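Trainee: This is the structure, below, for whatever I ask next.
The values are calculated or read from the model by the stated rules, or taken from the named source; none is laboratory data. Source: prediction; values computed, not measured. Cβ atoms come from the backbone with ideal geometry, glycine included; neighbour counts cover every protein chain shown. Side chains included, ligands, DNA and RNA excluded: accessible areas come from the protein's heavy atoms. Shrake-Rupley method; radii C 1.70, N 1.55, O 1.52, S 1.80 Å.
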Amino acid sequence: MNNAFSKSILWFLSLLMSYSALGQSDLLTTAEKTNYESTSTYNDVMVFADELQKTSPYIRLESFATSAEGRNIPLWIIANPLPVSPANLVNDNRIVVYIQANIHAGEVEGKEAVQMLARDFLKNPKQDIFKNVILLICPILNADGNEKFSKQNRTNQVGPVNGVGVRYNGQYLDLNRDAMKLETPEITGVVTQIFNRWDPAITVDCHTTNGSYHEEPVTFTWMMNPNGDRNLINFMRDDMMPAVHNHLRDDYNTENLFYGEFIDRLIPDSGWISYASEPRYLVNYVGVRNRLAILNENYVYADFKTRVVGSYNLLRSILDYAAMNKNKIRNLLEKADNRMIRRNDAAIASDSFAIQYEGRPTPEMITIKAIEADTIPGIKGYWRYKQSDRHRTVTVPYIADYYPTKNVVIPYAYLINVPDKEVLENLRKHGIDVGELSEMRTLEVEKFTIDNLSAESRLNQGHYTNTIKGEFKKEVKEFVVGTYIIRTNQRLGHLASYLLEPQSDDGLLLWNFFDKYLVPQWGEGYNPYPVYKLLDKKEIPSIPVK
Ligand SMILES: [Zn+2]
């Protein structure tokens with residue numbers, strides 16, 4: 001019996017004892033009350049939280065956004081003692097863990113699991129985890145989507161039988177594609193009110209899978225965009241995620257697997273891949289901010305109760321690990337921050353931003369209890385898949401390690417010479433430090449000249465996203481008072497590059513923020529991209545910025 005396991009037993013015993021003492025024992029989630037036939041409405045979640053607060057001084061209820069349809073998006077702060085505000089955390093040696101559920105409102109077990117987690121945590125405010133962790137929970141991020149309950153949503157999902165909500169929010173946007181452009185109140189709230197204010201060391205985002213067939217009810221993976229700090233990605237890959245995997249299997253009796261799908265759904269031996277690597281996905285976005293993030297994807301073909309309990313056990317495993325390894329995590333994040341802030345001390349030649357990258361196998365193969373798929377005829381000539389009864393354990397490469405294949409140099413600073421309030425607002429919402437030139441200056445910079453700009457023919461999240469071709473050229477250029485200047489030796493320097501590099505696969509140019517500046521009214525060709533790169537280090541100290 002290992003240490004974590006004995007802690008779990010102690011926790012369970014204390015839970016049993018406290019059941020009779022506290023009113024919380026009567027408090028059940030909608031899923032529990034209905035024998036897992038239903039999931040909570042927005043009102044159910046809000047009432048549950050009010051009841052929790054009546055029984056415990058260790059939870060505070062806040063709201064961090066208002067949805068398009070006018071619902072307050074809840075944030076639960078759970079800690080002993082409760083911090084008055086994030087400003088009080090400077091000398092607090094606990095770490096902040098943020099768990100959010102229901103970003104896709106048809107994928108509902110996280111919403112049930114976090115309610116149970118909050119209730120069970122508050123039953124024992126003396127437990128060890130409370131000494132090390134401040135827990136933030138958003139139980140229902142996509143509240144508007146949640147309220148569009150229908151039995152016709154996610155019909156491939158095994159329960160709850162009384163229906164679930166929809167994927168999109170009140171603006172018909174996917175919240176898990178909004179982390180860079182910040183066009184939804186929900187994700188803007190997560191970034192400005194949770195990430196910028198509370199700076200969670202670990203973020204967990206709860207979903208349900210759609211893809212391949214296997215036996216494990218719980219899957220999860222980590223942030224993987226290569227423009228985040230490589231040391232943090234490697235720490236997740238080699239240390240934290242394998243430890244959580246073992247702890248969840250051995251101490252919480254929950255079969256689990258790193259998230260992915262078979263490269264060829266009909267051939268389990270083809271390998272296992274996690275495709276989504278851009279920072280528009282919240283988990284990857286957190287990585288580009290140099291923080292740790294975990295994507296929880298529960299298996300769509302497991303029954304609802306199994307998914308809820310599995311998600312609950314995963315969250316407990318993550319919190320156990322966070323509490324036990326708090327100092328290691330804090331140290332790791334501090335080093336990553338220092339590398340960013342002090343990056344101008346090192347040679348810039350080695351410092352590059354990936355505009356293209358590819359997935360490679362992780363060092364360890366992955367073992368999957370696979371279920372082979374068969375094809376059946378679907379609508380409009382498409383084939384559909386169905387589970388066979390052929391179960392087969394395979395050990396295959398896991399394609400989840402993303403490495404650059406094409407880089408550009410990161411400058412000391414970016415200069416934006418159009419006074420664009422939407423660009424400025426986006427950068428500031430992310431928490432990026434933007435200064436303004438206080439005197440006119442002539443500087444040697446790199447400008448990006450555009451050879452070709454093409455928009456996708458199909459709208460994506462309300463955008464005809466851009467693809468750009470061109471090259472950087474040196475130019476001596478005059479910059480007027482008020483030019484925006486964004487230095488890259490700041491904590492969010494990677495994120496600034498991601499948003500401002502013209503060839504970035506998830507930047508502001510791609511999401512149409514600069515469209516109006518790029519094409520002249522008459523004539524052919526293009527205007528230069530209005531963001532310039534300063535590559536001369538000795539200019540930096542003398543640039544007058546207000
Ligand atoms: Zn999802």
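Trainee: Relative to a virtual label point 7 Å from the Cα of Asn527 in the Cα→beta-carbon direction, which members of the range 418-434 show backbone nitrogen distances below 18 Å?
Mentor: What the label zone holds, given the 18 Å backbone N cut-off, is 418-425.
Trainee: Sort 302-312, 320-330, 81-91, 106-116 by packing, meaning the average of other beta carbons within 10 Å per residue, with the highest value first. Let's see the in-between values first.
Mentor: Values: 302-312: 23.6, 320-330: 18.4, 81-91: 11.4, 106-116: 28.5.
Those peptides, ordered most packed to least, come out 106-116, 302-312, 320-330, 81-91.
Trainee: Gain in length, Asn43 to Asn231, computed as 0.36 nm per residue apart minus the alpha-carbon separation, to one decimal in nm?
Mentor: On the way: separation 188, 0.36 × 188 = 67.68 nm, distance 4.21 nm.
That works out to 63.5 nm of additional length.
Trainee: Another question, if that's okay. With r defined as the distance between the Cβ atoms of Val90 and Asn512 and R0 fixed at 51 Å, what FRET efficiency is calculated, to the nearest 0.05? Before the final figure, lay out the partial values.
Mentor: Working: r = 39 Å, r/R0 = 0.77.
Computed FRET efficiency for Val90 and Asn512 comes out at 0.85.
Trainee: Under the classification rounded if a/c is under 1.5, otherwise prolate if a/b is larger than b/c and oblate if not, where does the range 33-110 fall, given a ≥ b ≥ c as square roots of the Cα gyration tensor eigenvalues? If you can, show how the numbers build up before the last one.
Mentor: Numbers: a/c = 1.98, a/b = 1.66, b/c = 1.19.
Because a/c hits 1.5 or more and a/b exceeds b/c, the range 33-110 counts as prolate.
Trainee: Can you sort Leu266, Leu61 by solvent-accessible area, 1.4 Å probe, largest first? Let's see the in-between values first.
Mentor: On the way: Leu266 75, Leu61 50 Å².
Sorted descending by solvent-accessible area, the residues read Leu266, Leu61.
Trainee: List the GluC sites (Glu not before Pro) in the range 421-495 that DSSP assigns to loop (not H, G, I, E or B) and whose Cβ has at most 15 other Cβ atoms within 10 Å. Which are they? List each step's numbers first, then the result.
Mentor: Working: sites: Glu422, Glu425, Glu436, Glu439, Glu444, Glu446, Glu456, Glu471, Glu475, Glu478; in loops: Glu439, Glu456.
The qualifying sites are Glu439, Glu456.
Trainee: Moving on to the next point. Go ahead and collect, in residue order, the members of the range 158-188 whose backbone nitrogen is under 14 Å from a label point 7 Å along the Cα-Cβ direction of Leu459.
Mentor: 171-174
Trainee: Got a sec? Which residues in the range 487-517 would a label at Lys406 touch, if it sits 7 Å along Cα→Cβ and we count backbone N under 11 Å?
Mentor: 503-505
Trainee: What translational D, rounded to a whole number of µm²/s, comes out for the range 352-459 from Stokes-Einstein when the hydrodynamic radius is the Kirkwood one over Cα pairs, at 10 °C and 1.306 mPa s?
Mentor: Translational D for this selection: 77 µm²/s.
Trainee: Specify whether the C-alpha gyration tensor of the range 150-297 places it in the rounded, prolate or oblate class, a ≥ b ≥ c being the square roots of the eigenvalues: rounded for a/c under 1.5, otherwise prolate if a/b is larger than b/c and oblate if not. Could the numbers behind the result be given before it?
Mentor: Values: a/c = 1.62, a/b = 1.07, b/c = 1.52.
The shape class here is oblate.
Trainee: Next question. Are there DSSP H segments in the chain that both extend 24 Å or more along their axis (alpha-carbon positions) and score a mean Kyte-Doolittle hydropathy of at least -0.5? List them, or say none. Numbers along the way, then the final one.
Mentor: Numbers: long enough: 3-21 (27 Å, 0.91); 304-324 (30 Å, 0.35).
What comes out of the filter, once short or polar helices are dropped, is 3-21, 304-324.
Trainee: Here's something else I'd like to know. Quick one: pull the percent of accessible area on the chain belonging to carbon and sulfur, 1.4 Å probe, ligands and nucleic acids left out.
Mentor: Working: 11130 of 22250 Å².
That fraction is 50 percent.
Trainee: Shifting gears a bit: Tell me, what is the FRET efficiency for Ser388 and Asn253 to the nearest 0.05, using R0 = 22 angstrom and their Cβ-Cβ distance as r?
Mentor: Details: r = 27 Å, r/R0 = 1.22.
With a Förster radius of 22 Å, E is 0.25.
Trainee: Still on this structure, please answer the following. Using Cα pairs closer than 8 Å and at least 6 residues apart in sequence, work out the relative contact order for the chain, in percent.
Mentor: Values: 1139 pairs, mean separation 71.8, N = 546.
Relative contact order of the chain: 13 percent.
Trainee: Same structure, new question: Could you work out the relative contact order of the range 246-327, using alpha carbon pairs under 8 angstrom and six or more residues apart, expressed as a whole percent?
Mentor: On the way: 54 pairs, mean separation 18.4, N = 82.
Relative contact order of the range 246-327: 22 percent.
Trainee: So, one more: With a cut-off of at most 11 other beta carbons within 10 Å, and DSSP calling the residue loop, which trypsin sites (Lys or Arg not before Pro) in the range 398-500 qualify? Please list them.
Mentor: Arg458
Trainee: Before I look further, what does the range 35-116 give for accessible area per residue, probe 1.4 Å, in whole square angstrom? Each step should come with its number before you reach the end.
Mentor: Numbers: 2930 Å² over 82 residues.
Spelled out: the 1.4 Å probe surface of the range 35-116, per residue, equals 36 Å².
Trainee: Moving to a separate point now. Based on the mean of other Cβ atoms within 10 Å per residue, sort peptides 66-76, 335-345 so the most packed one is first.
Mentor: Values: 66-76: 18.5, 335-345: 14.7.
Final packing ranking: 66-76, 335-345.
Trainee: Ranked from highest to lowest mean number of other Cβ atoms within 10 Å per residue, what is the order of the peptides 250-261, 514-525?
Mentor: Working: 250-261: 20.0, 514-525: 11.4.
Listed from highest to lowest mean packing, they are 250-261, 514-525.
Trainee: How high is the relative contact order of the range 55-188, in percent, counting Cα pairs under 8 Å that sit 6 or more residues apart? Don't skip to the answer; put the middle values down first.
Mentor: Details: 239 pairs, mean separation 38.9, N = 134.
Answer for the range 55-188 is 29 percent.
Trainee: Please give the net charge around Thr395, taking every other residue with its beta carbon less than 12 angstrom from that of Thr395, where Lys and Arg add +1 and Asp and Glu add -1. Display every interim value, and only then the final one.
Mentor: Numbers: positive: Lys369, Arg392; negative: Asp269, Glu364.
Cβ neighbours under 12 Å give a net charge of 0.
Trainee: If you stretched the chain out fully between Asn35 and Lys469, how much longer would it get, using 0.36 nm times the residue separation minus the C-alpha to C-alpha distance? Mind dumping the intermediate values first?
Mentor: Details: separation 434, 0.36 × 434 = 156.24 nm, distance 5.62 nm.
Between Asn35 and Lys469, full extension yields 150.6 nm more.
Trainee: Still on this structure, I have one more. When averaged across all projection directions, what area in nm² does the alpha-carbon convex hull of the chain cover? Can you show the working numbers first?
Mentor: Details: hull surface 107.4 nm².
Value for the chain: 26.9 nm².
Trainee: Label the range 242-389 by shape, choosing from rounded, prolate and oblate, from the square roots a ≥ b ≥ c of the eigenvalues of the Cα gyration tensor; if a/c is under 1.5 it is rounded, and otherwise prolate applies when a/b is larger than b/c, oblate when it is not. Spell out each step's value before the answer.
Mentor: Working: a/c = 2.60, a/b = 1.47, b/c = 1.77.
Verdict is oblate for the range 242-389.
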